[in-house]
Amino acid sequence: MISLTVNGTEHSVDVSSDMRLLWVLRDILGLTGTKFGCGMSLCGACTVHLDGEPVRSCVMPVSIAAGKKITTIEGLSTDGSHPLQQAWVAHQVPQCGYCQTGMIMSAVALLKKKPQPTDTDINEAVTNICRCGTYTRIRAAIHTAAEKSGSNNGMKG
Amino acid sequence: MPMQQMSRRSFLLRSAAVGGGLLLEVTLPKSSVAETEQASAQAETSPEVTAWVLIRPDDTIIIRVARVEMGQGNFTGLPMLVAEELACDWSKVQAEYASTSEHLRRNRIFQTMLTGGSRSIRDSQEYLRTAGAAARLMLTTAAAQRWGVPVAECVAENSLITHTPTQRQLSFGAVAAEAATLDIPENPPLKDPAAWTLLGQPAARFDIPDKVTGKTAFAIDTRLPGMAYASIAQCPVFGGSLKSVDAEKIADMRGVVKVVPLEDAVVVVAKESWWNAQQAIRALPIEWDFGEHAHVSSDSILEFLREGIQLEKAPVSRHEGDIDSAFASAATMIEADYYAPYLEHATMEPQNCTALYTDKRVDVWAPAQNSEATAAVTAETADVPVSRVEVHKVHLGGGFGRRGLHIEFVRQAVRIAKTMPGTPVQLIWSREEDIQHGRYRPVALVRMRAALNAAGEPTAWTVRQAEQSIFSEVRPHLIRDGVDIVGVRTFADAPYTFPNMHMEYAMRNTHVPPGPWRAVAHTHNPFFRESFIDELAHAAGQDPYQFRRTLLQTPQASKDLAILDAVAEAAGWDSPLPEGVHRGIAVQDSYGSYTAAVIEASVNGTGELTLHRVVVGIDCGYVANPDSVRAQLEGSVVYGLTAALYGEITIKEGRVEQSNFHDYRMMRIAEMPTVEVLLKPTGGFWGGVGEPGMAPLAPALCNAIFAATGKRIRSLPLKNHDLRPA
Ligand code: FES
Ligand code: FES
């Protein structure tokens, strides 16, 4: 049995210790918002947060995630109210949408570290693949979310 | 461990039927069950006012979508077509997929469920607008009848019907039940496009909110009680077959349920997770019979194409004037060979299908571009009447043509499910299976020749295409006198006026399975043509934009010319650029639309290419949702430039050499140039949108590289070229 904390909830899963976190999330816990795209840490569709750090769950043995705080897209907000999700809707970013949950998880991690990212910051942090080619809107949405939180911070003093 | 023997019958079926769409034409019965028996429970609470519109008493409007959303926005754009004529409150509209089984029971009442060829909007617009107008008339009539007034005194607007003389009002929801009982008017008048209020205005897409929360369930996200997972290994060499597997070797691995051998593949079914199935198939000792193509390589294929170039004669796709005398009197002759490689689609959601077989019915969930064909393939594979098949419609994680005609993953999943009745099985292809068992954009080698007279005017143009045909196998009626009529587009229908033209097509089919890749012939052929036109412009000592203009002066070419002009102007074609940055231009019509692009790029001393700016424009006639058009063009820039920069599937020992995104590289955000999309809809026609944006990108980029380096790129991808200035 391996104990996992996913989106604040404790789970105890009976899986082999080298099973990749992605498949535990998708197949054992039914959290299908995290996607399979390549299985080789190449595309980022499977991005989740481990103690706030973005990781590619398709190559992460579940044993390494045990005891850490795992956040998936389902844990970001259930109603799409996270500022990045709102910016994503405002810019109508997704096309097919398959890569987008991973994109958003990468962007969330970036904004945590760099609330006002430059284009270069975005280039370095958001290395996920979008086959539909939504990159221009992704960039714009990240800047919008950053500006919003910047002005909120300003208002709060 | 049980081993499932393949049945002879299914083998024959499999061999005979390459594409789902093809099957459709031979196996689907027309309506088999009386429509009246099938009144859905929904109809009682949401009366159906035409097949496309359901209206609830609370005024919620449900508009059915027959085609499938794979990122292009038709789940919103198609309802807009209905809603425009319905005169409903758009904020109360919801989109819902039309049921495939209902479609079949009701004599194909939703027309077609095929999604491809940039056809959703342009091929549905008339019947959907007509349905909206009919529904509005029915609702208005119902209100008029309730009031006992002439219909002519009533108008519908924003989901309300008003009796103009008395200003009485009824909502759509209040009269929907009565409206549903009326006859559907056949030819209701449609609005003048000038009066549209919804069409042509950007609308937020219905599918987007759930795509940012992870709630959207793609086929791969299907979760059913007791579901088993399946992973597949297919014979690496196309046309090979399975010899044997040592199933005992993996019998004790975690979760393994069974091994199912197919003719050219083997499947492991496992409990708990796809991870288990995937671990087991990787450990499974498999012996293949590679068949007769194990010696084929990209080199041998190129040689085969060269023979096609050298053939003395080939079927003619276009002939005008007298080539020989034009060439004889030429002041300048230009000749060049161009090449484009195989490409794989790499839909972000890998191929997959979930199937549940019971003695009563078969249910499938698949990312397929044609649910009607999915039903046909399922029925045939399961050997049940199609009336016992339910295809659950889901949004696709990308399509790009991969999953229209070719849905072998459905066939595979249904075959596996049939071996375990009552247990749902989810088959997922690994990315490696996806890249190595695609339906590839065909290889093509093209030789072009042109003559210029002493004034630098082009007088003659010949083209010899040596290309693999996508359709010779799956759509033989598209082959006319040896010419694949889709494969010759861009050349045979080129709008340029050369007084003398001669074009030939040498079909060169290899064992590598071809398929319609986004834009089909309008990806490689425009690269060939628009690069060559650039060569002519330079040979004639003319500006490449102006040179094209002079060749586009006929009335038939007026829309090509207009979009070329619009894009050149938006890009500031004649304006100075920063040091080292250069421009390239290209124009192309395809799928009933007109596109052009200007790309700004630079190449540094070490040969490193930087993309600075892309201006791409489209005239698609009328526009349903302009923001979706914009998004499709933006997406085309990435899809098209990824192919130009990196895209290449190579063959060694009969098999694909690439396997995942490390060796089949995709553009990422860091490589993005500034992208400016120019919408120039001129009205009067409906053109496609999903594919046309692809056409001008590769040539515009390669023409910019020529301007920057003096190097003419005659084969793709660019990663194979040394771009250091000569
Ligand atoms: S699925 Fe994990 S990086 Fe692609
Ligand atoms: S939106 Fe389709 S892959 Fe990114």
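The values are calculated or read from the model by the stated rules, or taken from the named source; none is laboratory data. As the structure is a prediction and not an experimental result, all values here were calculated from the model. FYI the Cβ positions are ideal-geometry reconstructions off the backbone, even for glycines, and counts take in every protein chain you see. Protein only, heavy atoms only, side chains kept; ligands, DNA and RNA dropped before computing areas. Shrake-Rupley method; radii C 1.70, N 1.55, O 1.52, S 1.80 Å.
Numbers at a glance
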quantity	calculated
Electrostatic dipole magnitude of chain A [Cβ: Lys, Arg +1; Asp, Glu -1; Cα centre; debye, to 20]	320
Selection of chymotrypsin sites (Phe, Trp or Tyr not before Pro), segment B:210-262, meeting DSSP coil and at most 12 other Cβ within 10 Å	none
Label-zone membership for segment B:456-495, site residue B:313, 7 angstrom Cα→C-beta point, backbone N under 14 Å	B:482
Unit charges at the beta carbon, dipole of the protein assembly as shown: most positive-side option, B:528, A:96, B:253	B:253
Contact order normalised by residue count of chain B, Cα under 8 Å, 6+ apart, percent	15
Taking N as its residue count, the alpha carbon Rg of segment A:2-76 over 2.2 N^0.38 Å	0.94
Net charge dipole size for segment A:2-76 [Lys, Arg +1 and Asp, Glu -1 on Cβ; Debye, nearest 20]	200
Per-residue mean of C-beta atoms belonging to partner chains within 10 Å, peptide B:269-277	5
Sparsely packed trypsin sites (Lys or Arg not before Pro) within segment B:246-315, loop by DSSP, other Cβ within 10 Å at most 13	B:313
Spatial separation of Cα centroids for segment B:593-672 and segment B:382-448, in angstrom	26
Span-like helix ranges in chain A, DSSP H, alpha carbon extent 24 angstrom or more, Kyte mean at least -1.0	A:135-156
Residues of segment B:341-357 buried by at least 20 Å² on assembly (accessible area, 1.4 Å probe, chain alone as reference)	B:348, B:350
For segment A:83-151, the spread of Cα positions along each principal axis, largest first, Å	31, 23, 17
Residue B:167/residue B:58 FRET efficiency (R0 25 Å; Cβ-Cβ; nearest 0.05)	0.60
Against the rule of thumb 2.2 N^0.38 Å, how large the Cα Rg of chain B comes out	1.02
Accessible area buried between chains A and B, both sides summed, probe 1.4 Å, in Å² to nearest 100	4600
Residue-averaged beta-carbon neighbours from other chains (10 angstrom radius) around B:429-436	2
Directionally averaged projected area (convex hull, Cα atoms, segment B:489-602), nm²	9.0
Mean separation of Cα contacts under 8 Å (6+ apart) over length of chain A, as relative contact order %	23
Listed peptides B:542-549, B:432-439 by packing density, highest first (mean Cβ within 10 Å)	B:432-439, B:542-549
Computed label-point distance, nm, for sites residue B:306 and residue B:112 using a 7 Å Cα→Cβ extension	4.1
Surface share of carbon and sulfur [accessible, 1.4 angstrom probe, percent] for the protein assembly as shown	50
For segment A:19-43, residues shielded by at least 30 square angstrom of accessible area compared with the chain on its own, probe 1.4 Å	A:19, A:23, A:26, A:27, A:32, A:35, A:36, A:37, A:38, A:40, A:42
Solvent exposure of segment B:619-726 as accessible area per residue, Å², 1.4 Å probe	30
Equivalent ellipsoid semi-axes - Cα gyration tensor, segment B:472-551, angstrom	29, 14, 10
Segment B:516-553 and segment A:63-108: distance between their alpha carbon centers, rounded to Å	43
Gyration tensor (Cα) of the protein assembly as shown, equivalent ellipsoid semi-axes in angstrom	41, 37, 30
Peptide A:96-109 - average C-beta neighbours from other chains (10 Å radius)	6
Total charge dipole magnitude, the protein assembly as shown, about the Cα centre, Cβ charges on Lys, Arg, Asp, Glu only, Debye to nearest 20	1120
Evaluated over segment B:344-477, the Cα radius of gyration and Dmax, each in Å	21.2, 78
Å² per residue, accessible surface of segment A:2-76 at 1.4 Å	33
Accessible surface, segment A:83-151, averaged per residue in Å² (probe 1.4 Å)	32
Per DSSP, loop GluC sites (Glu not before Pro) in segment B:521-606 with at most 15 further Cβ within 10 Å	B:579
Dipole of segment A:2-76 [Lys/Arg +1, Asp/Glu -1 at C-beta], most positive-end residue of A:55, A:66, A:12	A:55
Alpha-carbon Rg with Dmax, taken over chain A, Å	15.6, 50
